[in-house]
Each structure stands twice: as C-alpha cells, then as structure tokens.
1. Any residue in the stretch 648-655 that is part of a strand (DSSP E or B), closer than 30 Å to Lys749 by Cα, assigned by TED's automatic domain parsing to the domain that holds Glu812 and small (Gly, Ala, Ser)?
2. Mind listing whichever residues of the stretch 511-547 are among the hydroxyl-bearing types (Ser, Thr, Tyr), under 20 Å from Leu621 (Cβ atoms) and surrounded by fewer than 20 Cβ atoms within 10 Å (Cβ to Cβ)?
3. Can you name every residue in the stretch 281-315 that is of a type in the set (Lys, Arg), part of a loop (DSSP other than H, G, I, E, B) and free of Cβ contacts under 8 Å to residues at least 24 places away in the same chain?
4. Tell me whether the stretch 257-265 contains one or more residues that are aromatic (Phe, Trp, Tyr), assigned to a loop (DSSP other than H, G, I, E, B) and in contact (Cβ under 8 Å) with a residue 40 or more places away in the chain.
5. Please go through the stretch 132-144 and pick out each residue that is more than 18 Å from Gly278 (Cα to Cα) and touching a residue at least 24 places away in the same chain (Cβ under 8 Å).
6. Do we have any residue at all in the stretch 675-685 that's surrounded by 17 or more Cβ atoms within 10 Å (Cβ to Cβ) and more than 20 Å from Thr805 (Cα to Cα)?
7. Among the residues of the stretch 166-193, how many are free of Cβ contacts under 8 Å to residues at least 12 places away in the same chain and either touching a helix residue (DSSP H, G or I) at 6+ places or on another chain (Cβ under 9 Å) or part of a loop (DSSP other than H, G, I, E, B) (or both)?
8. Look through Ser177, Ser123, Ser172 and report the one residue that is in contact with a strand residue (DSSP E or B) (Cβ under 8 Å, 6 or more places away or on another chain), in the same structural domain as Glu54 (by TED's automatic domain parsing) and surrounded by 24 or more Cβ atoms within 10 Å (Cβ to Cβ).
Amino acid sequence: MKKITCFFAIILFTISAIQAQEPLKLSSNEMYERLQKLNFLGSVLYIAAHPDDENTRLISYMSNQVKARTAYLSLTRGDGGQNLIGPEIRELLGVIRTQELLAARSIDGGEQFFTRANDFGYSKHPDETLAIWNKEAVLSDVVWAIRKFKPDVIINRFDHRTPGTTHGHHTSSALLSFEAFDMAADRTKFTSQLGLTETWQPQRLFFNTSSFFYGSDADFKKNNKGKLSSFDVGVYYPLKGLSNNEVAALASSQHLCQGFGRLTTRGSQTEYVEFLKGTKPKVDNDLFSGINTTWNRIKGGGAVGAILYKLEKNFDFANPSKHLPELLAAYDLIKNLEDSHWREIKEGQIKELIEAAAGLYLEASSNSSSSTPTATVPLSMELLNRSDATVFLEGYRIFTKESTQSKAQVKKLEANKKLTIKDVFKLNAAGYSDPYWLRSKGTLGMYQVDDQKQIGKPETDRPLQVEFQLSILQHKITIVKNVVYRYAKSDKGEIYEPFEILPEVTTSIDNKVLIFSDNTPKEVKVTIRAGAENIAGNLHLNLPKGWLVSPAQIPFSIAQKGDVSVVNFLVTPPREQMESVMQAVATINGKTFNKELIEISYDHIPKQTVLVASQAKVVRLNIQKTGSNIGYIKGAGDAIPESLQQIGYTVVSIDPENITANSLDGFDAVVIGIRAYNTVASLKFKQKFLLDYVSKGGNMIVQYNTSGRGGIDVGAPFDLQISRDRVTDEHAAVSILAKQHSLLNFPNKINADDFEGWVQERGLYFPNKWAKEFTPILSMHDKNETAKKGSLLVAKYGEGHYIYTGLSFFRELPAGVPGAYKLFANMLSIGKENIQTQTEIKE
C-alpha cells in the first residue's frame with residue numbers, strides 16, 4: 001500500500017512540474033512506453049464541450065493501451081461554470097480550467113486543444129448555443145483542429161441526434177464534429193486555413209455512448225443491440241503499477257474547481273462506441289482495425305521501423321543509453337521523411353527519447369519569474385550528461401519571436417559533470433505573455449483571436465526559449481527548452497514557474513464594483529505594482545461626466561520590482577442613478593499603462609498571470625435598507641459578502657462549526673452561500689440552531705444548491721424539493737406573482753425594470769415542489785418552456801422568515817446589477833417593515 005501511495009504522490013508532483021516546464025526526467029519504464037508510442041502511427045481525437053466532459057478512461061486507454069496519439073478537443077474553456085476552490089469566475093475560471101485540463105492530459109497521456117467558443121453558461125438547446133457562439137466560426141475551429149491534428153478516428157462524447165435532451169453546448173459539440181468530419185477534406189471550405197495546413201479526411205467517427213444516455217442498462221441494451229463496439233478499459237499497466245481506471249481517475253481528479261476529486265477505481269470496465277460514419281472497423285473492439293498504423297504507413301518509414309521495432313523488442317531497462325546509436329540513426333532518417341506531418345511529430349518524440357537515454361539534463365532559468373518587454377534578462381543554463389556517451393555542446397541560441405542571440409561554444413559534456421553557463425539576453429518583445437484569447441474584447445459567445453496559428457492552442461507560446469545545439473555520438477541534434485524560474489521554499493521545496501513578460505507597471509482598483517447608495521463620496525484605493533526597478537510616474541482615474549475625482553492625479557515612485565504603492569482617490573457620484581466604468585491609468589514618460597495583473601496560484605496547477613483592464617464598475621443606486629448586521633456562511637465561493645458591504649452592511653463570516661444555541665441572535669439576517677449544503681458537511685448538523693434562530697424572529701436566506709438524482713436537503717422548515725429547473729436566458733421576462741408581498745415593496749419597490757441588465761442567467765436549480773407555507777414571488781421561463789415559479793420562495797416560520805432563492809445573485813451582485821441589489825436588500829429587510837430605514841436617499 002505504501003508503494004502505491006508513493007507512486008500516486010510522484011505522479012501528482014510531476015503534474016505541476018510538467019506544466020511549468022521542468023526539464024525532462026523519464027524513467028526507463030516511461031522511456032519504453034514512449035518508444036511504443038513512437039512506433040504507432042495513428043491518431044484519435046475526442047470531442048466534447050467543456051473541461052471535465054471528457055472520458056478520461058477512454059483517452060487513457062487510447063493513449064496508454066492502444067499507444068495512439070490522442071487528444072481532447074474541448075470546444076470551451078469552461079468559463080461559465082462555478083468554482084469550488086476560490087473566487088475566480090468567468091474568464092479567470094476558464095484559465096484555471098484550462099490548466100486543470102492540461103494537468104489531466106499530463107496524466108492520461110493526451111494532448112489538449114480548444115476552439116474560440118466562450119462558455120456563456122447553461123444552454124438548453126443547440127439552436128441557442130450555436131446562435132450565441134457563431135456557428136460558422138466554431139465550426140471552422142473544429143475543422144482547423146482536424147486538419148492540424150489529422151486524426152484517423154474521431155470520438156464524440158455526446159449524441160448529435162438528441163437536441164434538447166442535454167446541455168446545448170454538449171449537443172452542439174457533437175453536431176459540429178459530425179459536420180466537420182467531411183468538411184475538413186473539402187478544399188472549398190475555410191480556404192484561408194489551407195495556406196497553413198492541408199485538408200484531411202478522418203477514417204471513422206464514433207459516439208461514445210453508455211447507459212447514462214438512456215436512463216437504465218435495460219433501455220441501453222434494448223436500443224443498441226448489435227449496434228455497438230465495446231472493449232474493456234480496465235486493463236492493468238505493469239510498467240506503471242496502475243490500472244487504466246486508476247490513471248483515468250487521477251486525471252479526472254485534476255478538475256478540482258468543479259469538485260471532481262474522487263477515489264481511484266480498478267477492475268474490468270466496458271466502454272461502448274457507436275459507429276456513425278466513415279469506414280467501419282473490420283474488428284469490433286479495435287477502432288484502428290483496417291488502418292495502417294505501422295511505420296510502413298509513410299514513404300521511407302520502413303527503414304525507420306526496421307530500427308525501432310527491433311529496439312522495442314530488445315529494450316534494455318537497466319541501461320537505456322546503450323540504444324543511443326539506434327535512436328540517433330532512426331532520428332537521422334526521420335528528419336528526411338517526406339511526410340511533413342509525421343516527420344514533425346516523430347522528430348519531437350524521438351528527441352525526447354534521445355535526451356532521456358543520454359541522461360541529459362538541460363535547463364535554462366531566469367533569476368525572476370517575469371520581465372518587461374525591453375529589459376535585459378540574466379540567464380543561467382545548466383547542462384549535464386549522465387551517461388558514457390560522447391556529448392558536445394556546440395553552441396546555443398536564445399530567442400523570442402522577435403529577436404535571437406546565438407553563441408558558438410564547443411564544450412564536451414563530461415560524464416556526470418555539470419556545466420553551468422551564465423548569459424544575458426536583451427528582450428525585444430512585441431507584447432505580453434498573458435493568455436492570448438483574453439487580449440482582445442470578444443462577444444458573449446466568442447473569444448476574439450485574430451492569429452489563425454494561435455487558434456486551438458491551450459496556452460500562449462512561451463516568450464523566451466533556449467535552443468541547445470548538441471553533438472551526440474557525432475550526430476547533430478538541437479533541443480529547445482523554455483526559460484523558467486526555479487526557486488525553493490522551505491515548506492514546499494523546489495518550485496518551477498513559467499517565465500512571463502509583463503508590463504512595467506500594473507494597477508488594481510481595490511473594489512471591482514462600487515455601489516453608491518447616496519451622494520456620499522467614497523474612498524477608492526488603487527494599488528500600483530512595479531514590474532521593474534525604479535518606476536516613477538503619475539496615476540489618474542478616468543470617469544465619465546458627472547463623477548468627480550479628487551485629486552486629479554497622484555504621483556508615484558517605486559524602487560524595487562514587485563513592490564507596491566497604494567494611493568487613494570475620493571470619488572463623488574452624480575445625484576441621479578447611473579452606471580459607469582472607472583479606469584485606472586498610470587503614465588510613465590508619456591507611455592500609458594491600464595492593465596491589472598491577476599496571479600492565480602493553486603498547488604495543483606502552475607501559477608498563472610493574467611492581464612485584464614484595470615477598471616471597476618461604479619453605480620449610483622437609489623436603494624434603501626433596514627438592518628445592518630449580516631451573518632454569512634460561505635459555500636462554494638462567491639463575492640456576495642463584499643458586495644453587501646458596498647451598500648453599507650456589516651457582514652460577519654460564520655464558521656458553521658461555531659454555531660450554537662443563541663450564537664446567531666445578534667444578526668439581522670443570516671445568509672447561506674451558494675452550494676453550501678453541497679460543500680459544507682457540518683452545515684446539516686447545525687440546521688437545528690439555524691431554524692431556532694428563524695423561529696425566534698430571524699431572517700434566513702438560502703442561495704442555490706445543486707440537486708443530483710438523489711436530491712439535496714437544504715434544511716427547510718417545510719417540504720421543499722430542489723430540481724434542476726433553471727432559466728438560462730438572462731433576458732427572460734419576469735412576472736411578479738405576489739405583487740403586494742413585502743419582498744417586492746419594502747424597503748424598495750421592485751418592478752420589471754429591476755430585472756434588466758442581468759448577466760449570464762436568471763437563476764438555476766429552482767425548487768419545483770414546495771409546501772403550502774411557501775409563497776412563490778416570481779415566475780419566469782426560457783423560450784418554449786413552462787413557467788418556473790420556484791426562483792424565489794419565502795415562508796413564515798415562527799416569528800421569522802425562511803427564504804430560498806435560485807436567482808443567480810452570486811453573478812449579479814459582483815456585476816453591479818442595480819435591480820439585484822435592491823431585491824437582495826429587500827430579502828435582508830423582510831420582517832422589518834415597521835423599523836425605520838437606516839439609509840435613505842438624500843435628494
């Protein structure tokens with residue numbers, strides 16, 4: 001048991017290392033597995049809509065058992081999901097989920113691609129999805145992925161024939177894949193791509209089906225008798241000490257922000273695929289049956305295979321370096337192959353094997369994790385030959401996209417004697433190294449990416465690299481390494497981070513939404529961060545007419561890179577209700593900087609640096625409220641506490657473990673965060689105290705929780721059944737059912753105008769059944785659906801009130817939606833109709 005646990009730990013440690021470009025360190029077992037994949041010339045592309053849609057069992061099986069080059073095309077980056085591990089949502093969540101996919105692929109052996117589609121949130125039908133996404137653009141991206149990857153086999157996760165039965169994004173991914181299957185071979189389609197790639201016709205298309213799509217095993221078998229191919233994906237890999245299902249579980253567990261951490265599983269397990277189009281396999285349980293996947297597939301490949309098949313058969317695990325002559329001979333042949341597609345792939349694969357067989361350690365590191373576009377970067381290069389092979393360094397080249405610097409330097413790499421080279425490189429970068437898909441303003445459904453060569457890539461290309469020019473046993477070979485930042489922490493050990501190119505200065509407005517509930521000025525704190533040493537300039541705020549800022553600008557000076565300076569402005573709102581955008585702009589020697597640097601740091605992914613516009617939404621809002629002291633029990637992470645503080649509430653975070661009898665008595669209301677009953681195990685044991693608080697006159701607001709097939713108990717005082725009902729159209733009409741109820745009248749009058757400007761959705765996981773004690777307040781529905789009346793329910797319980805709401809306040813308040821603030825203030829004020837409002841509009 002200890003050995004398995006240790007092996008798991010090694011794998012999980014390697015994930016972060018791989019993603020941050022730690023130098024290659026393959027064991028003999030891993031080298032042999034790479035050799036097996038080198039000798040397989042076949043590719044499979046798995047297609048679905050989101051991160052965590054992919055079937056890691058099948059991806060791992062294709063990569064590790066079949067040995068095929070395997071990739072997952074996720075149409076989106078999962079921006080519309082929720083986040084169980086932190087506050088990041090929307091684009092920042094997409095950055096996290098991108099890295100979680102890369103972490104998963106580093107375990108199951110696959111590659112990762114995307115389209116420009118933006119996950120705008122839940123969609124009930126592909127017609128809606130494809131209208132918001134821009135079908136033609138996303139279809140072109142799927143065709144681009146097929147033409148570039150050139151899969152023999154494509155596998156869809158979802159069924160293109162069942163629109164309306166699952167997430168619209170899901171069905172859309174299958175529809176687009178089905179259409180792109182033939183279109184990728186059509187020279188008249190998306191002709192602009194053909195200057196960069198060629199047409200390609202995949203051999204066959206499958207649907208990865210299961211009983212999940214039919215509701216029961218019986219219906220699944222009844223409807224698919226004689227139609228499916230199947231294979232056991234529960235195989236065991238002695239070289240890994242793990243079964244395929246264990247590898248798959250480790251891979252899917254990387255989706256931590258979606259709560260996918262799970263136990264590993266073992267044993268036989270059957271996967272099913274339904275043939276959709278193309279050439280049907282000759283053998284049911286072999287998706288590549290009838291496709292030549294040997295070296296003889298390509299002209300000149302036979303000579304390569306003659307070397308590498310023999311090497312695979314006689315591989316020496318104890319001394320892999322003995323195979324360097326054969327590997328280098330095969331490498332020379334591969335470099336001259338006419339087939340450019342397979343030449344590029346196999347050249348990269350065999351280089352890794354040569355590097356590992358020679359025991360080479362090659363690293364290029366900076367003394368900092370970032371630099372500015374025109375700075376000089378000190379570099380340290382470490383080279384080590386841990387074999388008896390004769391290896392020479394003949395030179396190296398440091399380069400970015402814009403500039404290069406070469407040095408000839410003949411040095412013999414003596415066995416196990418480290419060579420360290422120090423050098424400096426003057427950057428001449430055209431831009432920053434932040435996520436490329438976030439650089440231009442997109443639409444609700446699409447990211448704007450103008451460079452065709454970037455489309456589909458999981459990450460921005462690394463900005464600074466070093467090419468080592470080597471001679472190994474008199475064979476010339478070049479190996480390129482990304483420049484990294486390497487350091488150590490006493491409590492974590494060695495850490496690798498990607499090297500980034502970032503602005504000289506970035507700024508951050510402390511609050512991303514500022515709500516002015518009256519004419520009182522507010523202090524606006526702006527943090528200035530230096531990206532280089534000795535930074536000095538001026539900072540000012542841009543605001544539209546009607547808003548006043550004092551002072552007009554503030555000078556700043558920061559000596560050390562990474563240090564910050566905090567300045568404060570006083571902002572006075574206009575008298576009338578208004579929504580505006582406030583921008584922080586720094587000026588240095590006439591050059592303006594208007595970006596905020598956001599660093600995302602979690603242990604399971606490498607640190608991410610994202611540049612966004614340094615701005616905040618400012619809202620002059622006519623709002624009234626009663627009560628001031630709010631208790632908040634956090635769920636899966638949201639910014640509602642900070643939002644409530646914006647309009648004058650005192651919000652106290654409550655640890656459920658500390659809830660006891662009478663401990664809640666001092667609060668005007670207690671709010672339960674999103675998905676709290678899904679994620680906070682101790683909450684159900686404290687429900688008695690919460691309901692006692694309500695019965696004594698308290699006000700309890702429970703926000704949405706997800707409901708699986710088994711339902712979810714949200715501790716309501718009366719029967720309340722949470723469903724999967726939702727209204728995804730943020731513009732859906734809202735009907736008021738209880739016009740006279742205080743929730744709609746005190747202390748703010750709520751009308752149809754207050755539901756304008758909502759973002760992403762109206763709400764989710766509405767109750768669909770409730771006891772007569774509950775009063776439904778609102779009704780809404782998506783197109784062609786029945787009315788949903790469970791978005792906001794209130795019940796009197798004892799002397800207090802219990803409110804359940806599936807309205808997406810966790811999105812609306814951070815977005816500064818005025819009507820959402822007014823409605824939430826009314827929920828907090830229920831039962832206090834006879835108390836004079838504490839905040840009144842001053843005209």
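The values are calculated or read from the model by the stated rules, or taken from the named source; none is laboratory data. Worth saying up front: this structure is predicted, and the values here are computed from it rather than measured. No Cβ is skipped: glycine too gets one built from the backbone with ideal geometry, and neighbour counts run over all protein chains shown.
1. Step one: filter the stretch 648-655 for residues part of a strand (DSSP E or B), giving 650-653.
The next check asks that each one be closer than 30 Å to Lys749 by Cα; those that pass are 650-653.
Retained after the next criterion (residues that are assigned by TED's automatic domain parsing to the domain that holds Glu812): 650-653.
Among the residues that remain, those that are also small (Gly, Ala, Ser) are: 653.
Yes, the conditions are met somewhere in the stretch 648-655.
2. Looking only at the stretch 511-547, we keep the residues that are among the hydroxyl-bearing types (Ser, Thr, Tyr), and these are 517, 520, 527.
Subsequent filtering for residues that are under 20 Å from Leu621 (Cβ atoms) retains 517, 520.
Across the stretch 511-547, the qualifying residue is only Thr520.
3. To start, the set of residues in the stretch 281-315 that are of a type in the set (Lys, Arg) comprises 282, 297, 299, 310, 313.
Remaining after also requiring part of a loop (DSSP other than H, G, I, E, B): 282, 299.
Lys282, the sole residue that qualifies.
4. Filtering the stretch 257-265 for residues aromatic (Phe, Trp, Tyr) gives 260.
Now narrow it down to the ones that are assigned to a loop (DSSP other than H, G, I, E, B): 260.
From the residues that got through so far, the ones that are in contact (Cβ under 8 Å) with a residue 40 or more places away in the chain too are 260.
Looking for residues that are aromatic (Phe, Trp, Tyr), assigned to a loop (DSSP other than H, G, I, E, B) and in contact (Cβ under 8 Å) with a residue 40 or more places away in the chain, one finds at least one in the stretch 257-265, hence yes.
5. Looking only at the stretch 132-144, we keep the residues that are more than 18 Å from Gly278 (Cα to Cα), and these are 132-141, 144.
Answer for the stretch 132-144, where residues must be more than 18 Å from Gly278 (Cα to Cα) and touching a residue at least 24 places away in the same chain (Cβ under 8 Å): Ile132, Trp133, Asn134, Lys135, Ala137, Val138, Leu139, Ser140, Asp141, Trp144.
6. First, pick out the residues of the stretch 675-685 that are surrounded by 17 or more Cβ atoms within 10 Å (Cβ to Cβ): 675-680, 683.
Subset that is more than 20 Å from Thr805 (Cα to Cα): none.
Checking the stretch 675-685: not a single residue is surrounded by 17 or more Cβ atoms within 10 Å (Cβ to Cβ) and more than 20 Å from Thr805 (Cα to Cα).
7. As a first pass, look at the stretch 166-193 and keep what is free of Cβ contacts under 8 Å to residues at least 12 places away in the same chain: 166, 188, 191.
Those left that are additionally either touching a helix residue (DSSP H, G or I) at 6+ places or on another chain (Cβ under 9 Å) or part of a loop (DSSP other than H, G, I, E, B) (or both): 166, 188.
Going through the stretch 166-193 one residue at a time, the tally reaches 2.
8. Numbers: Ser123 fails: in contact with a strand residue (DSSP E or B) (Cβ under 8 Å, 6 or more places away or on another chain); Ser172 fails: in contact with a strand residue (DSSP E or B) (Cβ under 8 Å, 6 or more places away or on another chain).
Going through Ser177, Ser123, Ser172 in turn, just one is in contact with a strand residue (DSSP E or B) (Cβ under 8 Å, 6 or more places away or on another chain), in the same structural domain as Glu54 (by TED's automatic domain parsing) and surrounded by 24 or more Cβ atoms within 10 Å (Cβ to Cβ): Ser177.
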